[in-house]
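**Q** Quick one: structure below, then a few questions.
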Number of protein chains: 4
Amino acid sequence: MINWLYGLVGEGPFPSMRAVVYRGILVVCIVLSTTIAIVDTVPDAWIGFEGIVSGAGGLFLVILSLDYILRLLVAWSQRAEGESGMAALAGYALSPYGIFDFLAVVPFLVGEATALMPHDGETVFGILRFLKLARYSPALETLGVVVLHELRPLLASLFIMLILAISASTVIYFVERAANPALASVPAAMWWAIVTLSTVGFGDVVPITPLGKLFGSVVAVLGLCMFALPASILASGFAEEMKRQNFVSTWHLVAKVPFFQRLQASQIAEIAGLLKLSRAIKGEVLMREGDTGECMYFIVSGQVEVKGKAGTFILKNGDFFGEIALIERCPRTATVKAVSRCQLLILDARDFHKFVAHDHALLEVIWETARSRMAQADKAHDAKEKEPV
Amino acid sequence: MINWLYGLVGEGPFPSMRAVVYRGILVVCIVLSTTIAIVDTVPDAWIGFEGIVSGAGGLFLVILSLDYILRLLVAWSQRAEGESGMAALAGYALSPYGIFDFLAVVPFLVGEATALMPHDGETVFGILRFLKLARYSPALETLGVVVLHELRPLLASLFIMLILAISASTVIYFVERAANPALASVPAAMWWAIVTLSTVGFGDVVPITPLGKLFGSVVAVLGLCMFALPASILASGFAEEMKRQNFVSTWHLVAKVPFFQRLQASQIAEIAGLLKLSRAIKGEVLMREGDTGECMYFIVSGQVEVKGKAGTFILKNGDFFGEIALIERCPRTATVKAVSRCQLLILDARDFHKFVAHDHALLEVIWETARSRMAQADKAHDAKEKEPV
Amino acid sequence: MINWLYGLVGEGPFPSMRAVVYRGILVVCIVLSTTIAIVDTVPDAWIGFEGIVSGAGGLFLVILSLDYILRLLVAWSQRAEGESGMAALAGYALSPYGIFDFLAVVPFLVGEATALMPHDGETVFGILRFLKLARYSPALETLGVVVLHELRPLLASLFIMLILAISASTVIYFVERAANPALASVPAAMWWAIVTLSTVGFGDVVPITPLGKLFGSVVAVLGLCMFALPASILASGFAEEMKRQNFVSTWHLVAKVPFFQRLQASQIAEIAGLLKLSRAIKGEVLMREGDTGECMYFIVSGQVEVKGKAGTFILKNGDFFGEIALIERCPRTATVKAVSRCQLLILDARDFHKFVAHDHALLEVIWETARSRMAQADKAHDAKEKEPV
Amino acid sequence: MINWLYGLVGEGPFPSMRAVVYRGILVVCIVLSTTIAIVDTVPDAWIGFEGIVSGAGGLFLVILSLDYILRLLVAWSQRAEGESGMAALAGYALSPYGIFDFLAVVPFLVGEATALMPHDGETVFGILRFLKLARYSPALETLGVVVLHELRPLLASLFIMLILAISASTVIYFVERAANPALASVPAAMWWAIVTLSTVGFGDVVPITPLGKLFGSVVAVLGLCMFALPASILASGFAEEMKRQNFVSTWHLVAKVPFFQRLQASQIAEIAGLLKLSRAIKGEVLMREGDTGECMYFIVSGQVEVKGKAGTFILKNGDFFGEIALIERCPRTATVKAVSRCQLLILDARDFHKFVAHDHALLEVIWETARSRMAQADKAHDAKEKEPV
């Protein structure tokens, strides 16, 4: 029973059914809970629904509290060998996710219990529950890594933007201060400068003298040019980091595919950069006979059913399929369906040829398999033709 | 007769004349039809033209209805062997394009017939006709593929944007709510936050306290940085997908050019990534004697006429031309004109040298052809010189 | 005399002094002329200066007219062999630049002569003179090439934007029309949609209902994502085209450097993609002793003076310098100054090593030259040391 | 004593403690000083704090003056051999940083002394102190290099933007001038055009006629497309320049690592492009046993302590570590901590395999070291197992 409970918070590539359901309930609770806290700031938003809303709020609080307790229990029970229970608890409680889980319920409960928390606190801690969702998205973590990695160029470009903003606001202040009460001090001008440089352009403060407009035009164009620097640094860093994460996860999987074990270390690294990781659920159709083939597949785990002219057979981890269409440039010769949950590595047509161009041994192996499969298909086909219809 | 009609909706790289005209009429009908539905929402827009507009609307409806019927007929008559007619009909009717064709006319006709459709319905279904244009642009399909392919990073960046928007609106709400009635609730603040973070900046809601403006500046800069993530993911995915589509279509054409059949599979893959697909209509001049040469051409289908010092001759599918200027670094030595519709594969100067650097055999072949052509040209030239003028 | 005049409009990498001065005068005329036409639309802008402005305007008109006549004469006199004078004239007059030159003066003169041109015409044709500047910037031509080359993806992304704009305006119209008179028709809503999707956000039309704001937020984010497509296509196409132009111009120069003639065609293509073209005027210092060296130079034309420990010597076209710092990773060992106008090809440290990694023969040649130069320097240095101080 | 003072302004990769503290004090002085000058333009901003602010202002002035004197002294005393003291002084005083230091204090002091400076001058020179910060950020210098390097494409795109702005303002002027007093002259229309094309969109001037709005939509979309050109040129140039700077600084360090001295020049260039420079302070943990290993380290200077199953040992400059996890694809087998300040070169997993794929000799060396270390670890492990517990 306790293990069943612990399984609820399990994660990994293939979570159990109950973990999926539990995650779904949690996400709904978190989203609704945050929504209630947000809408709560609109006066008279709940007229006629006070009861339902407050009931739902209480329910969500209970669920999120139980979730926190459950995660504490799991941390305690699944501590590493030799680790003390308290250390394991602290390890979880002080991790970012542990802190998010804490903030979602404890301040609220304490506030209610002591009747000390003002209404604002309820709003803030209600909205903060949203952070619990971070567990289900690697995006924030990735972004953090990128910001750390690109800190130097980011700071450099922020410094340029700061100098631009200060210069622009000083100049516009001297140009406009007599005519324009909205630009009568440098701080006020800086609000205008940043709003213009970032191309937001609210329009609440606008230069009104001809000279001010001329200078404002220059600032608008400069902003466009310079303020793209941090955006571009972050965007390319983000893309690079996602590629790197794909490489690392693929690299560890490649080692599990027997087929690749004949490759040298350096070849594995090369192919790991070309492969893309994919998952299939039971029953998913991976390719259809007659479609144009643009990639081949390696099975890391799970089983697929291949149904073609040569009959139906099962492939399992370590096998590959889809290579005939790549080598022969013909449509798919079989339909492939996952018969269990599968982890697959996908190799694109372009990358396939790029790789085998340097490594004829690998091509030979794939080629032989393909040929034997095609021979089988032809034989089956011939046999069928000969069958009395 | 019926085949002539079926030819109207034919597509492919080289549609017949009647298909081109039919497509033109349809596009005009769709665009005007949508325009009428849009302008119709302006009160008194048609004063004095009611008759014309309603007549045109009726005519367009008839044309689009006939188009739908025609497409149904074509789907029925061109069903694959062994497929039942109903299945073929359903296959078309339930495809996205079939649904767009349906929405363009049927609700309208039913509404008119039953006099049940309100005026709003007419507006909506009139505007929806625009979707029929999707058939003539691969853009929406490409975008769909990109969104599917990049779903993970897109969702990741949307999650970051959501967290930013919620955080920004919560903070600005607490900072401004006392002073600024436009920011007196978190939902109202969220409108401001998204408008600012996306750098749209309407200016209908603007922070007015100094602290609010300071924080607003930070939000504007953060928005600039973070909201570029999904744009950049989509843009690079779109570019990548267009390149991939070019590779796939080129790859299948390369196999049709006899010249490339001496290449190994891996070389074909390499050159397929370098070639660009192009089409020429009858009479188009592909290169002019004396121009600087920056690419060579392979003919997939069709014929070209080469007019140079060596006289005039015809090249057809499988041949190539334009290689002399690439090898010798001299201006074009002949003028080349398409004498029929041609599909061509273009190889850039840079890519040409990149490729032959690894593959001297190919260079030899091109070189020999070039040399024999140049010898021919010299001989012709000498002959001319000797001619009594 | 007439040739002296013709030299005024000469162009090319190294224009004569009088051509430079003439170009300067023309640019000033064009810019001032356009500025006068622009400012002329401001009521009472010239009060007190009418005389000067009208005098200047007349002067500019005379200069631009003479320029047009001069260019016609040049076109006539410099016609290709066998071309008729009229064909040469028409060739110039109907080229884009010829049309810009024509528009700059003829309509104005005809208007003045016949007193038929309204004031608006003067404004338009005055401003149009600006187009004459296009001759001095390859940007418009490059942009044209890019737009043509990327026409398919550009149209594809414009189609997506159009569908987005139509959908957004239809939805916001139905959501807001009752409450918001500014969104009471689809065309009005389309103005809002495009202003929002392009992230301009004027704020003259803004959704006011909660549902409208929610939908408006979605539109703002969608706009940010989708409207970056054409910008990104154009930007990367522009960068690619500029690189290609650099390759083509470098490629033709590489053939002129004797040093490179020992390379094979494919190697020339490779190095042409790495070299950057640069120009130096007489007296320009190209490198200074003691600086960190990050590139080496090949001289295409002109002469440089090398002043180092080994004494002073002259290098001319076909020679190279700056290689010691790249091979030895030490600071520059000499100061190099251009003693005439030079065309140089620059090879970056990174690219240098990338290239010699594949081509040891080239490295050997550069290495030997470097060694003999260093030996010379050491000998000179030793000689100096031995000198009685 | 005087050397201790000179050490205050020392820079370089590892500044002394007093230099770090001095830099910190200076930065605080500069930032506060600029902030005071900015806030000073707000009327009545300091009511009740006049004394403190004016005292602080005086203190900052003294500190910045002393800093300027100190830097002059350092320039004098650290002049190169054979350089005159005055030349060294002038060299500093006329460098950009010397001018920034001068502007920060001298005009102020002179103004105060002569009582001639107006209040505006105080504001300007107070804000200008901000430029002193440029010394601590290479960003401005990098940006300058990029702008110089990309000047041609930048000017080209600015020219396109100018033509667009002039055309857009001329057209909107003719369309709107009758109806819209805000667009009654071309200069006024140009303000609108630039604000729209740069997607700032203040909303102070907006087209009001249907035709004006239609054209305004086109301008908004064109702006989005074209105005991304300079942003993209600058952003990619900035990224390229930062990579180049990394290459140059790494390249010089690689030569200092004995391990790399067995490589050929071209290999050093290749690996220098892959390595990333990093620094560690004393006590920093570089890797932890059990973590996933994604890179290996080369020590340029400093010492690290490796604590693993094989016991604890010290590695110093020339050594490398972290290679086992890369070769064996297993978690880290040891914890590594810096025991002094270290300069490290980091080689990513992907780049490691890319490099060793071409250079098996290097892999052999790393491999042997790894194997001997693992053997050591196993021996130690076995020894431990045999220990009586």
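**Q** Give me a comma-separated list of calculated 3J(HN,Hα) values for the stretch D:201-216, in order, Karplus coefficients 6.51, -1.76, 1.60 applied at θ = phi - 60°, integers in Hz, x for any Gly or Pro.
**A** Coupling constants for the stretch D:201-216: x, 4, x, 6, 10, 9, x, 10, 7, x, 5, x, 5, 4, 5, x Hz.
**Q** Okay, moving on. Okay, which of the stretch D:102-145 sit inside 15 Å, backbone N to the point 7 Å along the Cα-Cβ direction of D:V39?
**A** Once the point is set 7 Å along Cα→Cβ of D:V39, D:127 turn out to lie under 15 Å by backbone N, inside the stretch D:102-145.
**Q** Further, regarding this structure: Grab the Cα-Cα distance for C:A80 and C:E289, subtract it from 0.36 nm times how many residues apart they are, and report the gain in nm with one decimal.
**A** Full extension from C:A80 to C:E289 adds 70.3 nm.
**Q** Beyond 34 Å, what share of the Cα-Cα pairs of chain B is found? Please give it as a whole percent.
**A** Above the 34 Å cut-off, chain B has 59 percent of its Cα pairs.
**Q** Can you give me the long-range amide H partners of C:T335? Hydrogens built in the peptide plane at 1.01 Å from N, cutoff under 5 Å, separation of 5 or more residues or another chain.
**A** When sequence neighbours closer than 5 places are left aside, the close amide H contacts are C:E289, C:K307, C:G308.
**Q** According to the square roots a ≥ b ≥ c of the eigenvalues of the Cα gyration tensor, what is the shape class of the stretch A:222-318, taking rounded for a/c under 1.5, prolate for a/b larger than b/c otherwise, and oblate for the remainder?
**A** prolate
**Q** On C-alpha positions alone, give me the angle between the axis of helix B:50-77 and the longest principal axis of chain B, in degrees, nearest 10.
**A** 60
**Q** May I pose another question? With r as the distance between the Cβ atoms of D:Q245 and B:V218 and R0 = 41 Å, compute the FRET efficiency 1/(1 + (r/R0)^6) and round to 0.05. Walk me through the intermediate numbers first.
**A** Numbers: r = 29 Å, r/R0 = 0.71.
Taking R0 as 41 Å, the efficiency between B:V218 and D:Q245 is 0.90.
**Q** Okay, moving on. Shortest first and in nm with one decimal, please list how far the B:N3 label point sits from its counterparts in the other copies (point 7 Å along Cα→Cβ).
**A** 7.2, 7.2, 10.2
**Q** Add +1 for every Lys or Arg and -1 for every Asp or Glu among the other residues with Cβ under 11 Å from the Cβ of A:A75, and state the total. Please report the intermediate quantities before stating the final value.
**A** Working: positive: A:R71, A:R79; negative: A:E83, A:D101.
Around A:A75, the surrounding residues sum to 0.
**Q** Quick check on the protein assembly as shown: take the gyration tensor over C-alpha atoms, sort the square-rooted eigenvalues as a ≥ b ≥ c, and tell me if it's rounded (a/c under 1.5), prolate or oblate.
**A** Taking the square roots of the gyration eigenvalues as a ≥ b ≥ c, the protein assembly as shown is rounded.
**Q** Can you tell me the convex hull volume per residue for the stretch A:193-251, based on C-alpha atoms, in Å³ to the nearest whole number? Please report the intermediate quantities before stating the final value.
**A** On the way: hull volume 3.7 nm³, N = 59.
About 63 Å³ per residue, rounded to a whole number.
**Q** Using only the alpha-carbon atoms, how far is helix D:96-114 inclined from the longest principal axis of chain D? Give it as 0 to 90 degrees, nearest 10.
**A** With both axes taken from Cα atoms, the answer is about 50 degrees.
**Q** Hey, what do the phi angles of the stretch B:276-290 turn into as Karplus ³J(HN,Hα) couplings, whole Hz, using 6.51/-1.76/1.60 and θ = phi - 60°, x for Gly and Pro?
**A** Each residue of the stretch B:276-290 in turn: 10, 7, 9, 10, 10, 8, 4, x, 5, 8, 8, 8, 10, 3, x Hz.
**Q** Can you find, among B:G201, B:F238, B:L158, the residue sitting farthest towards the positive end of the charge dipole of the stretch B:141-241, where Lys and Arg contribute +1 and Asp and Glu -1 at Cβ?
**A** Result: B:G201.
**Q** Rounded to whole Å, give me the distance from the Cα center of the stretch B:148-169 to that of the stretch D:120-158.
**A** 34
**Q** Please report the orientation-averaged projected area of the stretch A:141-241, defined via the convex hull of its C-alpha atoms, in nm². Provide the component values of the computation, followed by the final result.
**A** On the way: hull surface 26.3 nm².
So the mean shadow area of the Cα hull is 6.6 nm².
**Q** Go ahead and estimate [θ] at 222 nm for the protein assembly as shown from helices alone: -39,500 (n - 2.57) per DSSP H run with n ≥ 4, summed, over the residue count, rounded to 500.
**A** -20500 deg cm²/dmol
**Q** Let me ask another. From the label point of A:F102, set 7 Å along Cα to the beta carbon, how far off in nm is each other copy's matching point, shortest first?
**A** Result for A:F102, in nm, nearest copy first: 5.6, 5.7, 8.0.
**Q** Now a separate question. Loop-only GluC sites (Glu not before Pro) in the stretch C:1-87, please: DSSP not H, G, I, E or B, and at most 15 other Cβ atoms within 10 Å.
**A** C:E11, C:E81, C:E83
**Q** For the rotation taking chain C to chain B, which residue of C has the Cβ nearest the axis, and how many Å away is it?
**A** Residue of C nearest the axis onto B, distance in Å: C:G203, 3.
**Q** Averaged across the residues of D:275-281, what count of C-beta atoms belonging to other chains lies within 10 Å of each residue's C-beta? Walk me through the numbers on the way to the answer.
**A** Numbers: counts 0, 1, 0, 0, 0, 0, 0.
For this peptide, the per-residue mean of nearby foreign Cβ atoms is 0.
**Q** Just add up the charged neighbours of A:R279: K/R +1, D/E -1, any other residue whose Cβ is under 12 Å from the Cβ of A:R279.
**A** Values: positive: A:K276, A:K282, A:R341, B:R152; negative: A:E284.
Net charge in that neighbourhood comes out at +3.
**Q** Under Stokes-Einstein, with the Kirkwood radius over Cα pairs standing in for Rh, what whole-number D in µm²/s applies to the stretch D:1-155 at 25 °C and 0.890 mPa s? The partial results should precede the final answer.
**A** On the way: Rh = 17.4 Å.
Calculated translational D: 141 µm²/s.
**Q** Let me ask something additional. What accessible area per residue, rounded to a whole number of Å², is obtained for chain A using a probe radius of 1.4 Å? Mind dumping the intermediate values first?
**A** Details: 18230 Å² over 389 residues.
With the other protein chains kept in place, chain A gives 47 Å² per residue.
**Q** Placing a label point 7 Å from Cα toward Cβ, how far apart in nm is D:K316 from its equivalents in the other copies, listed shortest first to one decimal?
**A** 5.7, 5.7, 8.0
**Q** Net charge within 13 Å of D:L211 by Cβ-Cβ distance, Lys/Arg positive one each and Asp/Glu negative one each, not counting D:L211 itself?
**A** Summing Lys and Arg as +1 and Asp and Glu as -1 gives +1.
**Q** Per residue of the stretch C:235-242, what does 6.51 cos²θ - 1.76 cosθ + 1.60 with θ = phi - 60° give for ³J(HN,Hα)? Whole Hz please, x for Gly and Pro, Karplus curve as stated.
**A** Karplus-based 3J(HN,Hα) across the stretch C:235-242 equals 5, 6, x, 4, 4, 4, 5, 5 Hz.
**Q** Could I ask something else about it? Which residues make up the longest stretch of chain D clear of chymotrypsin sites (Phe, Trp or Tyr not before Pro) that lie in a DSSP loop with no more than 16 other Cβ atoms within 10 Å, not counting the sites?
**A** Longest stretch, sites excluded: D:50-389.
The values are calculated or read from the model by the stated rules, or taken from the named source; none is laboratory data. Since this is a predicted model, take the numbers as computed values, not measurements. No Cβ is skipped: glycine too gets one built from the backbone with ideal geometry, and neighbour counts run over all protein chains shown. When the accessible area is computed, the model is the full protein with side chains, heavy atoms only, and any ligands, DNA or RNA have been set aside. Shrake-Rupley method; radii C 1.70, N 1.55, O 1.52, S 1.80 Å.
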